[in-house]
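Since the structure comes first, as structure tokens, the remarks are kept for the end.
The values are calculated or read from the model by the stated rules, or taken from the named source; none is laboratory data. If you're wondering where the values come from, they're calculated on a predicted model, not measured in any experiment. Here Cβ is always computed from backbone atoms with ideal geometry, including for glycine, and neighbour counts include all displayed protein chains.
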Amino acid sequence: MGTVPSALKHCLSYQHLLKEQLWIGEPAAPHAGQESQASGLPEYIKIVEVGPRDGLQNEKVIVPTDIKIELINRLSKTGLPAIEVTSFVSSKWVPQMADHKEVMRGIERHPGVQYPVLTPNLQGFHSAIAAGATEVSVFGAASESFSKMNINCSIEESIEKFEEVAKSARNMNIPVRGYVSCALGCPYEGNIIPAKVAEVSKRLYSMGCYEISLGDTIGVGTPGSMKRMLEAVMKEIPLSALAVHCHDTYGQALANILTAIQMGVAVVDSSVAGLGGCPYAKGATGNVATEDVIYMLNGLGINTGVNLCAVMEAGNFICAALNKKTSSKVAQASFNNGTIN
Amino acid sequence: AFPKRVKVVEVGPRDGLQNEKNVVPTPVKINLINMLSETGLQVIEATSFVSPKWVPQMADHTEVMQGINKLPGISYPVLTPNLKGFQAAVAAGAKEVSIFGAASELFTKKNINCSIEESLERFDEVMTAARAASIPVRGYVSCVLGCPYEGKISAAKVAEVSKKMYSMGCYEISLGDTIGIGTPGSMKEMLTAVMKEVPVGALAVHCHDTYGQALANILVALQMGVSVVDASVAGLGGCPYAQGASGNVATEDLVYMLNGLGIHTGVDLQKLMDTGTFICNALNRRTNSKVSQASCRL
């Protein structure tokens with residue numbers, strides 16, 4: 001707007017600007033909690049970091065095991081409460097996750113941090129436990145076509161497989177997180193009705209999943225469809241057991257997440273540096289960037305416990321390793337002149 | 001509850017192109033505006049009557065203004081920083097003008113080399129002339145959620161400057177998050193203060209997406225009753241204060257969200273995307289619109 005300034009050097013550095021406004025650096029101060037309460041928003045939001053799994057799985061370049069481990073170790077120091085580590089799926093289907101055992105065994109386990117892994121079936125579950133996993137995730141979908149194309153079985157058949165996992169997990173006191181893909185639209189079926197999302201969520205919750213993460217897999221959702229879907233799901237699942245997993249393929253992720261947290265959702269999935277493109281739209285982006293989510297939550301006075309600078313540094317590390325630019329706008333704006341202090 | 005209709009103010013040809021590295025020739029600018037005129041957009045900011053010494057990208061303002069197809073029902077406002085620019089604009093056929101204030105003293109000093117008070121005096125001259133010529137004037141307030149020089153900006157200051165510009169006779173006040181630093185929290189706080197002084201029907205938001213917050217900020221503004229939103233086709237226009245960072249929010253991504261909310265804009269998203277493709281090719285750059293990126297199955 002207006003005329004372009006003649007010298008950038010007079011500007012406050014972004015570090016200065018942001019620290020001053022308490023939007024990066026330390027987790028929100030005590031008074032900030034009151035600010036979010038007054039607006040009806042949750043005081044605390046749990047961020048579930050999916051970069052090492054959902055992110056790396058959907059990147060073109062396969063990353064060596066030691067880099068994966070280094071990334072996870074760095075993320076463990078940022079204050080993130082949950083980091084999805086890897087996937088115990090056959091390496092034939094997901095070569096990027098072929099080193100799941102080595103990664104699981106190689107990472108540092110920080111107290112207070114959860115390290116869930118994907119387990120599509122009982123075999124994967126046993127393998128995960130043997131490798132030291134203490135939390136697992138199962139992936140359902142609200143679309144029959146997606147289920148068929150993705151895991152080659154119907155929704156009902158997939159639920160049966162997950163029930164086996166849930167049963168074993170229960171016996172071993174292993175918590176299980178349930179995902180519902182295509183919650184706001186399907187690359188094959190198009191529109192997905194909220195009632196279907198609610199139905200699949202309820203099945204996963206009833207079998208013992210402690211949390212249901214509702215995924216806008218192709219990022220087509222908008223605040224309108226997010227609201228309608230959540231209203232339907234909230235009739236079947238308690239709010240405290242819900243999470244949103246928004247993709248930013250159409251730039252709608254933060255607006256959708258805002259809508260969800262305005263409705264009381266207090267768990268948000270995201271991916272450092274916005275790792276992970278969209279396998280259904282060539283060249284398009286996928287996961288929402290953790291940095292951008294935290295920036296928004298900090299600005300709303302919502303506590304996450306996460307140090308934004310530390311996440312940006314981890315993002316910088318993995319982008320250098322992947323030889324790609326970050327998909328996080330916050331990182332882009334902050335890294336223009338070298339490293340962050 | 002959301003507004004039923006939202007007026008989208010397209011700033012790509014001015015705010016967008018002004019902040020692009022590559023300068024675009026006059027015929028390309030004219031074609032861009034003509035294509036935008038076919039999309040259903042009602043307001044297209046065409047150019048800036050500022051000295052080419054300061055803004056070389058807009059040096060062809062007279063040719064552009066005279067060269068574009070002016071479709072009935074569409075407004076083509078132009079920037080006029082002072083009386084001289086206003087007169088040149090009217091001579092070139094402008095029927096609506098914009099003036100740019102700021103909520104930050106330091107920003108005003110660095111940008112136009114005077115204080116806020118002095119800038120308002122200059123604008124007063126423009127207002128007087130505009131009133132005499134029956135030309136509507138839109139007022140912009142920059143740095144409403146933060147300033148690259150001062151840092152934090154008080155909501156009260158934004159309200160004060162907005163009130164002055166509205167009282168002067170601006171029919172609409174566009175509140176600009178110039179460096180995109182705002183979040184839904186600061187947007188809400190700022191709008192609450194401004195809405196005490198200016199009716200919400202006269203307010204617009206001009207959000208930059210430098211930190212990825214634009215659509216979330218716009219959503220909050222809509223929830224508070226704002227029904228005019230500025231955007232730039234293909235997200236043209238980087239941020240002059242953060243090298244390599246993005247600037248304006250992309251019109252395509254905004255329209256996508258509004259469509260999803262069932263809010264009427266009158267804009268044809270496909271035609272808009274086609275226009276974005278055209279200007280990105282001309283600028284030899286990739287689009288900043290995620291909707292466009294996702295829709296190109298190359």
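Where in the range B:187-298 are there helices (runs of 4 or more DSSP H), lying fully within it, with 1 or more residues that are away from chain A (no Cβ under 13 Å)? Steps first, answer last, please.
Details: elements: B:214-223, B:251-260, B:269-283, B:290-295.
Counting at least 1 such residues, we get B:269-283.
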> Looking at B:THR128, B:THR183, B:THR108, which one is under 24 Å from B:CYS207 (Cα atoms), among the β-branched types (Val, Ile, Thr) and either touching a strand residue (DSSP E or B) at 6+ places or on another chain (Cβ under 8 Å) or surrounded by fewer than 17 Cβ atoms within 10 Å (Cβ to Cβ) (or both)?
Replying inline: B:THR108
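For the range B:78-138, list the helices (runs of 4 or more DSSP H) that sit wholly inside it and hold at least 2 residues that are within 14 Å of chain A (Cβ to nearest Cβ) and among the basic types (Lys, Arg); which are they?
On the way: elements: B:83-91, B:105-112, B:116-132.
Output list reads B:105-112.
Count, please, the residues in the range B:239-286 that happen to be among the small types (Gly, Ala, Ser) and either touching a strand residue (DSSP E or B) at 6+ places or on another chain (Cβ under 6 Å) or buried (at least 20 other Cβ atoms within 10 Å of the Cβ) (or both).
Narrowing the range B:239-286 to residues among the small types (Gly, Ala, Ser): B:242, B:244-247, B:250, B:260, B:262, B:266, B:276, B:282.
In the following step, the residues that additionally are either touching a strand residue (DSSP E or B) at 6+ places or on another chain (Cβ under 6 Å) or buried (at least 20 other Cβ atoms within 10 Å of the Cβ) (or both) were identified as B:242, B:245-247, B:250, B:260, B:276.
Of the residues in that region, 7 qualify.
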> Does at least one position in the range B:144-156 carry a residue that is within 14 Å of chain A (Cβ to nearest Cβ), under 21 Å from B:VAL233 (Cα atoms) and at pLDDT 95 or above?
Replying inline: no
> Taking B:PRO3, is it in a loop (DSSP other than H, G, I, E, B), more than 12 Å from chain A (Cβ to nearest Cβ) and either over 20 Å from B:ALA202 (Cα atoms) or not acidic (Asp, Glu) (or both)?
Replying inline: yes
>> Of the residues B:LYS4, B:LYS29, B:LYS84, only one is among the charged types (D, E, K, R), surrounded by fewer than 16 Cβ atoms within 10 Å (Cβ to Cβ) and touching a strand residue (DSSP E or B) at 6+ places or on another chain (Cβ under 9 Å); which?
In response: B:LYS4
> Going through the range B:107-127 one residue at a time, which ones are among the β-branched types (Val, Ile, Thr) and within 13 Å of B:MET165 (Cα to Cα)?
Replying inline: B:ILE116, B:VAL126
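Considering each residue of the range A:136-172, count those that are within 20 Å of A:ILE83 (Cα to Cα) and either surrounded by fewer than 19 Cβ atoms within 10 Å (Cβ to Cβ) or without any contact (Cβ under 8 Å) to a residue 12 or more places away in the chain (or both), and give that number.
We begin by selecting, within the range A:136-172, every residue within 20 Å of A:ILE83 (Cα to Cα); these are A:136-140, A:169.
Among the residues that remain, those that are also either surrounded by fewer than 19 Cβ atoms within 10 Å (Cβ to Cβ) or without any contact (Cβ under 8 Å) to a residue 12 or more places away in the chain (or both) are: none.
The total comes to 0.
With crowded, with 22+ Cβ neighbours inside 10 Å, over 27 Å from A:THR285 (Cβ atoms) and modelled with pLDDT of 95 or more as the only criterion, which of A:PHE125, A:PHE88 stands out?
Values: A:PHE88 fails: over 27 Å from A:THR285 (Cβ atoms).
Going through A:PHE125, A:PHE88 in turn, just one is crowded, with 22+ Cβ neighbours inside 10 Å, over 27 Å from A:THR285 (Cβ atoms) and modelled with pLDDT of 95 or more: A:PHE125.
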>> Need the failing condition index for A:LYS202 against (1) at pLDDT below 95; (2) surrounded by fewer than 17 Cβ atoms within 10 Å (Cβ to Cβ), just the number.
In response: (1)
> Only one of these conditions is not met by B:VAL8: (1) more than 14 Å from every other protein chain (Cβ to nearest Cβ); (2) part of a loop (DSSP other than H, G, I, E, B); (3) among the aliphatic types (A, V, I, L, M). Which number is it?
Replying inline: (2)
> How do the helices (runs of 4 or more DSSP H) wholly within the range A:189-292 filter down when requiring 2 or more residues that are out of contact with any Ser or Thr (no Cβ under 7 Å at 6 or more places or on another chain) and away from every other protein chain (no Cβ under 14 Å): which remain?
Replying inline: A:194-206, A:223-233
